[in-house]
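**Q** Next up is a structure, given as structure tokens.
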Amino acid sequence: AICNFVICNDSSLRSQPIIFNPDFFVEKLRHEKPEVFTELVVSNITRLIDLPGAELAQLMGEEDPKLPGANSTASGFFRSLMSLKRKEKGVVFGSPLTEEGIAQVSQLIEYLHKNLRAEGLFRVPGNSIRQQILKDALNSGTDIDLDSGEFHSNDVATLLKMFLGELPEPLLTHKHFHAHLKIADLTLFDEKGNKTSTPDKERQIEALQLLFLILPAPNRSLLKLLLDLLYQTAKKQDKNKMSAHNLALMFAPHILWPRNVTANDLQENITKLNNGVTFMIKHSQKLFKAPAYIRECARLHYLGSRAHTSKDDLDLLTSPSSKELQPLKSQKRSRLDTCHQEETQQRTEEALKELFRHVHNMPDSAKKKKLIRQFNKHPTALTPGSDVPTSPAPRRTRSRSFSGLIKRKVLGTPVILERKSRDATPEPERVSKENVHLLQKCGSPAHMSQAKLKSLEGRKEESCRRMRAHLLSKDSSSL
């Protein structure tokens, strides 16, 4: 389980501070979707350190790790001797790391936290007989009273190193071996971009944080307990004479060195490995926190999707889904566009105001009058005294439907004929006045049409009379 929730109705405890785990979504993603979690973490590890294809495949568990000294026969006797020692497996010692083994070993760690002042702790060996008794008790699962005085702190410290050394693989696992070597090589760059010998502590801490995230859960739990113990031991080095570097020399072969190898197999890598463990001890209080961007990605993975939530989650994930966030994003974008348009329009109006004031303050001239006429033509022109832009006055347009209805009811003439006559006249206002005068004079549309017909008939008769007179005059002259 990621965490347990206990509901307490005791009013006296309600004022107590609430414990919040910032890595809640990180642990949730690790347990529910391990493939997604591993891909997220490894992609950021490769951003910090350069891992070739083979080493990356080993880190991902896709290939068996290729460790130094695997094909060497120079020290085969020592490797075979070490492997024979690990063949006798007990419930705790020599077995793969389990929660039961961690529970038994945690008794040793708790006892050592109370006895950190012993000089030469982890360096001075304890009594072999007492160590065997304690080892058998841990393997059998019996309760042990370490505070009874029967065992010495050096016995317990030596037995803890023995437990780590008999694990089938180191606590930091074989898959991570090459990654730790690359982390030890992370150094700062100078102004010209050249590598220096100064370690880049920030990048090393970040890389270790990511690497510890993909450790198996039992390994990660025990590693945290162990590094906390070594950190507290190094803080009391004035009493026990054990610095962080001295402790690293004691524990690097057990937690980082590959199994069945000797110092000759590692050669130049021994210094890197020892310095790496020293760095872990000194910065152990920072290494088990997920980087901020990993926490944010894990949080968004759940809060930004329609992931199914169980009833045990206590409604922690009640937030809009990714599809529901789209309308919000579009609304936000439209608001930003509207604000941008309003700001642009405001700047334009202020510029027009300033320009009009400048023109108004010019001396009287033909150019000033021309500019003022141009301003008056545009409805957006602002006067110097106006603070608020006034909207342009709407033009008075004739309603075709209403005017057409009036013309059909009152005039009784087609609308098209009147439009043609109106377009033919150069002055529409004068024509409209004449039409009104003609209406008043004729009295009704019927009289108006009869008068037009009479005038047309009179014109035809007059033209015919003139044609007759002209023809008669020609006939008389010919005679």
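**Q** Among the residues in the range 255-270, are any within 22 Å of Ser106 (Cα to Cα) and in contact with a Ser or Thr (Cβ under 8 Å, 6 or more places away or on another chain)? Even if it seems obvious, please write down each step before you answer.
**A** Taking the range 255-270 and keeping what is within 22 Å of Ser106 (Cα to Cα), we get 255-256.
This time we only want the ones that are in contact with a Ser or Thr (Cβ under 8 Å, 6 or more places away or on another chain), so: none.
No, there is no match, as no residue in the range 255-270 is within 22 Å of Ser106 (Cα to Cα) and in contact with a Ser or Thr (Cβ under 8 Å, 6 or more places away or on another chain).
**Q** What are the residues in the range 91-107 that are assigned to a helix (DSSP H, G or I) and of a type in the set (Phe, Trp, Tyr), if any?
**A** Our first condition is that a residue be assigned to a helix (DSSP H, G or I); within the range 91-107, this holds for 99-107.
Residues satisfying the conditions do not exist here.
**Q** Within the range 147-158, can one find any residue that is within 17 Å of Leu256 (Cα to Cα) and modelled with pLDDT of 95 or more? Explain how you work it out, then say what you get.
**A** If we filter the range 147-158 for residues that are within 17 Å of Leu256 (Cα to Cα), which is where we start, we get none.
No, the range 147-158 contains no residue that is within 17 Å of Leu256 (Cα to Cα) and modelled with pLDDT of 95 or more.
**Q** Check whether at least one residue in the range 247-255 is out of contact with any Lys or Arg (no Cβ under 7 Å at 6 or more places or on another chain), in contact (Cβ under 8 Å) with a residue 60 or more places away in the chain and among the β-branched types (Val, Ile, Thr), and report yes or no.
**A** yes
**Q** Then there is this: Going through the range 196-221 one residue at a time, which ones are outside any helix (DSSP H, G or I) and either in contact (Cβ under 8 Å) with a residue 24 or more places away in the chain or surrounded by fewer than 17 Cβ atoms within 10 Å (Cβ to Cβ) (or both)? Show your work before the answer.
**A** The first filter runs over the range 196-221 and keeps only residues outside any helix (DSSP H, G or I), leaving 196-200, 214-216.
Residues satisfying the conditions are Thr196, Ser197, Thr198, Pro199, Ile214, Leu215, Pro216.
**Q** Say whether the condition of being surrounded by 10 or more Cβ atoms within 10 Å (Cβ to Cβ), modelled with pLDDT under 85 and at positive phi is met by at least one residue in the range 16-37. Explain how you work it out, then say what you get.
**A** We begin by selecting, within the range 16-37, every residue surrounded by 10 or more Cβ atoms within 10 Å (Cβ to Cβ); these are 21-34, 36-37.
Imposing the further condition that a residue be modelled with pLDDT under 85 reduces the set to 21-22.
Imposing the further condition that a residue be at positive phi reduces the set to none.
No: zero hits.
**Q** Still on this structure, please answer the following. Looking for something surrounded by 14 or more Cβ atoms within 10 Å (Cβ to Cβ) and either closer than 26 Å to Met242 by Cβ or touching a Gly at 6+ places or on another chain (Cβ under 7 Å) (or both) - is there at least one such residue anywhere in the range 182-195?
**A** The answer is yes; a qualifying residue exists.
**Q** Taking Asp265 as the residue in question, decide whether it is on the phi > 0 side of the Ramachandran plot and at pLDDT below 95.
**A** No.
**Q** Go through the range 108-167 and report how many residues are crowded, with 16+ Cβ neighbours inside 10 Å, in a helix (DSSP H, G or I) and acidic (Asp, Glu).
**A** 1
**Q** Taking Gly69 as the residue in question, decide whether it is open to solvent by less than 40 Å² (accessible area, probe 1.4 Å), at pLDDT below 80 and under 30 Å from Gln132 (Cβ atoms). Outline the logic, then answer.
**A** Values: open to solvent by less than 40 Å² (accessible area, probe 1.4 Å): yes; at pLDDT below 80: yes; under 30 Å from Gln132 (Cβ atoms): no.
Answer is no for this residue.
**Q** Something else now. Kindly state which helices (runs of 4 or more DSSP H) lie completely within the range 222-308 and contain at least 3 residues that are under 39 Å from the mean Cα position of the chain (by Cα) and either of a type in the set (Asp, Glu) or more than 25 Å from Glu169 (Cβ to Cβ) (or both).
**A** On the way: elements: 237-240, 244-255, 263-266, 269-282, 292-303.
By residue number, 292-303.
**Q** Do any residues in the range 226-238 that are under 20 Å from Ile102 (Cα atoms) and among the hydrophobic types (A, V, I, L, M, F, W, C) have Cβ atoms under 8 Å from those of residues that are part of a helix (DSSP H, G or I) and open to solvent by 20 Å² or more (accessible area, probe 1.4 Å), where the two are at least six apart or on different chains, and which pairs are they?
**A** Matching pairs, first to second residue: Leu229/His113.
**Q** I would also like to ask the following. Go through (1) touching a Leu at 6+ places or on another chain (Cβ under 6 Å); (2) at pLDDT below 55 and name the single condition Arg86 misses.
**A** Unmet condition: (1).
**Q** Here's something else I'd like to know. I need a count of the residues in the range 39-66 that are exposed (fewer than 13 other Cβ atoms within 10 Å of the Cβ) and not in a helix (DSSP H, G or I).
**A** The qualifying residues number 5.
The values are calculated or read from the model by the stated rules, or taken from the named source; none is laboratory data. Computed from a predicted structure; not experimentally measured. Glycine also receives a Cβ, built like all others from the backbone with ideal geometry; neighbour counts cover every protein chain displayed. SASA here: full protein model, heavy atoms, side chains in, ligands and nucleic acids out. Shrake-Rupley method; radii C 1.70, N 1.55, O 1.52, S 1.80 Å.
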